[in-house]
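What follows is a single structure, written as structure tokens, with notes after it.
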Amino acid sequence: MSRSGAVLDRPEGGPGRLITLPFSKSLEISFKSLRVRFFRSMITVSSLVLAVSFLAFVLVNLDIAAGLLEHGGRDAVRALSQAGYDVDLAGGAVAMSAKERWIVILSLLVCTVGIVNAQLMSVTERFPEIGVMKCLGALDSMILKLFLLEAGMQGLAGAFMGAVLGALFSFLVGAVRFGSGVLAEVPVGSVLESVGLAVLGGCALSLVGVLYPAWLAARMEPIKAIRSEH
Amino acid sequence: MTEEKRTIVRVIGVRKTFTMGSQTLEALKGVDLEIYAGEYVSIMGPSGSGKSTLFNMIGGLDKPTEGKVFIDEVDISQLDAYELAWLRNRKIGYIFQTFNLIPVMTALENVTLPMTFAGMNGDDAQEKGIELLKLVGLGKRFQHKPLELSGGQQQRVAVARSLANDPAIILADEPTGNLDLSTGEEIIELLQKLSSERGVTIISATHDYKMLNVSDRVVWVRDGMVDRVERREELNITIGGIGEKLTGRKQEPGGA
């Protein structure tokens with residue numbers, strides 16, 4: 001009889017009354033659940049890897065072309081034009097062709113849709129788990145935080161892989177097309193910039209893709225979430 | 001034992017209607033109920049009787065269409081999301097028919113999760129989690145994942161988890177529904193032990209007749225109303241006929 005004697009205090013702040021999930025703990029939980037569902041996460045990430053590697057490929061191609069233009073003079077201009085680049089002689093710059101730009105944008109769009117789809121499925125699978133967490137006292141914001149963290153980590157890993165892959169492939173293609181000498185003329189700074197841009201873009205896409213599924217999960221009534229497995 | 005009863009759950013005139021398309025279904029038609037601190041109460045009734053709905057109301061998992069539910073004299077419909085989460089975290093422990101452990105976490109992590117939410121530091125939580133797992137008889141298996149444990153063991157982990165923040169009330173929704181006869185009995189014994197030793201109020205929705213022997217009171221729900229409330233002493237007299245009285249069919253073990 002003694003232990004149940006406490007009166008339900010209204011939780012109006014103060015020590016011992018809070019509901020928390022420290023950042024380190026949420027990081028740990030989301031990392032673990034990614035690791036356990038490794039294969040599942042790989043599928044979610046794969047479309048991101050492809051889209052980001054394509055983006056990085058195109059950007060680094062431009063960097064290589066710019067390097068070539070800077071060092072190669074007239075021959076370079078001819079070679080680049082033959083390879084299908086829009087060369088702006090006066091400005092000394094190379095640009096993506098309009099078609100290429102569209103393909104990049106399209107691939108990113110398709111990738112986002114793919115991520116939304118994969119995340120929706122993975123969130124639906126986890127409804128009971130989310131319901132349990134809410135029964136144990138998790139707030140909506142905690143659920144949201146866990147999913148965003150997971151997506152952030154997935155995005156970072158996937159985008160990094162994709163960007164490196166794209167850049168390597170671009171070097172390979174550049175070396176084959178213009179001779180291996182071209183690699184010496186590559187402006188390292190702008191290549192790094194391109195890779196960084198691709199990684200950032202990939203992370204952003206991953207977060208955008210999980211936003212709706214995570215919001216759906218966080219708002220779920222606990223009892224419905226638990227029952228949804230039956 | 002019953003001299004100074006303190007009401008911990010008070011249900012007043014609760015109605016619940018569900019709307020499905022153009023049809024409305026009245027699951028609860030005005031229920032009044034009082035449950036005292038430290039009691040072991042079973043809510044019995046056939047499926048579709050409104051038993052689960054009533055149970056969810058008491059647990060703060062669902063809100064009544066009309067009427068009020070008080071837990072420790074606090075009207076839970078007045079609580080905001082944060083306060084409700086706090087209530088679920090500290091005041092109520094849940095046990096489910098399907099165990100509902102988080103599959104990606106070990107037994108210990110499952111038990112310590114509510115403590116983490118409550119802001120307890122990691123080492124204290126670990127220590128308390130191991131202590132609780134010992135209490136339910138799983139002292140050695142705390143590093144196992146739920147799927148590596150048997151049904152009975154999973155339910156023991158769930159019992160330990162429900163005790164994480166020393167709740168005043170444990171709500172058990174068909175805790176033996178997915179277990180075989182003897183494991184079910186073990187879980188019931190465990191719950192009874194908790195009720196008598198720790199003074200936890202245990203409220204369980206069930207149609208497992210094994211529960212009757214350990215309950216202080218049994219609330220029979222039928223057609224969205226409380227049909228009758230019986231004390232254990234009264235039950236013993238009539239126990240032979242209960243199965244047929246309730247459902248018109250013979251008693252079956254477990255009965256999910």
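The values are calculated or read from the model by the stated rules, or taken from the named source; none is laboratory data. In this text the structure is predicted, and so the values were computed from the model without any measurement. All Cβ positions, glycine included, derive from the backbone under ideal geometry; neighbour counts span all protein chains shown. Ligands, DNA and RNA are excluded from the accessible area calculation, which covers all protein heavy atoms including side chains. Shrake-Rupley method; radii C 1.70, N 1.55, O 1.52, S 1.80 Å.
A full extension of the chain between B:Glu131 and B:Asp180 corresponds to an added length of 15.0 nm, given 0.36 nm per residue minus the alpha carbon distance.
Diagonalising the gyration tensor over the Cα atoms of the protein assembly as shown and scaling each eigenvalue by 5 before taking the square root yields semi-axes of 60, 22, 19 Å, largest first.
The share of alpha-carbon pairs in chain B lying farther apart than 26 Å comes to 40%. Cα extents for the range A:126-193 along the principal axes, largest to smallest and rounded to whole angstrom: 63, 21, 9.
Measuring between their Cα centroids, the range A:67-125 and the range B:1-72 lie 62 Å from each other. Each part gets one Cα centre, and for the range A:21-61 versus the range A:146-176 those centres are 10 Å apart. Ignoring the sites themselves, chain B has its longest run without GluC sites (Glu not before Pro) in a DSSP loop having at most 10 other Cβ atoms within 10 Å at B:5-256. Of the residues B:Thr24, B:Met120, B:Leu132, the one whose Cα sits farthest towards the positive end of the charge dipole of chain B is B:Thr24 (charges of +1 on Lys and Arg Cβ, -1 on Asp and Glu Cβ, taken about the Cα centre).
Please identify, among A:Ser53, A:Ser41, A:Ser141, the residue showing maximal mean-square fluctuation in a Gaussian network model of chain A using a 10 angstrom Cα cutoff. Among A:Ser53, A:Ser41, A:Ser141, the largest mean-square fluctuation in the Gaussian network model of chain A belongs to A:Ser141.
Extension gain, A:Ala93 to A:Leu192: 0.36 nm times the residue separation minus the Cα-Cα distance gives 33.8 nm. Would you mind checking the range B:35-65 for residues with the amide N under 19 Å from a putative spin-label position 7 Å along Cα→C-beta of B:Arg222? Only B:42-55 fall inside the zone, counting backbone N under 19 Å.
Suppose R0 equals 35 Å. What FRET efficiency, 1/(1 + (r/R0)^6) with r the Cβ-Cβ distance, do B:Glu189 and A:Lys224 give to the nearest 0.05? Step by step, r from the Cβ atoms, then E = 0.60. How high is the FRET efficiency between A:Leu183 and A:Trp215 when r is their beta carbon distance and R₀ equals 41 Å, given to the nearest 0.05? Taking R0 as 41 Å, the efficiency between A:Leu183 and A:Trp215 is 0.35. Hey, which of these cross-link pairs are over 18 Å Cα-Cα: B:Lys16/B:Lys210; A:Lys32/A:Lys224; B:Lys145/B:Lys210; B:Lys91/B:Lys145; A:Lys25/B:Lys134; B:Lys29/B:Lys51? The answer is B:Lys16/B:Lys210; A:Lys32/A:Lys224; B:Lys145/B:Lys210; B:Lys91/B:Lys145; A:Lys25/B:Lys134.
Think of a 1.4 Å ball rolled over the protein heavy atoms: the range A:22-166 then has 48 Å² of accessible area per residue.
Restricting the calculation to alpha carbons of chain A gives Rg and Dmax of 24.4, 93 angstrom.
Overall, the accessible surface of the range B:1-87 at a probe of 1.4 angstrom is composed of carbon and sulfur to the extent of 48 percent.
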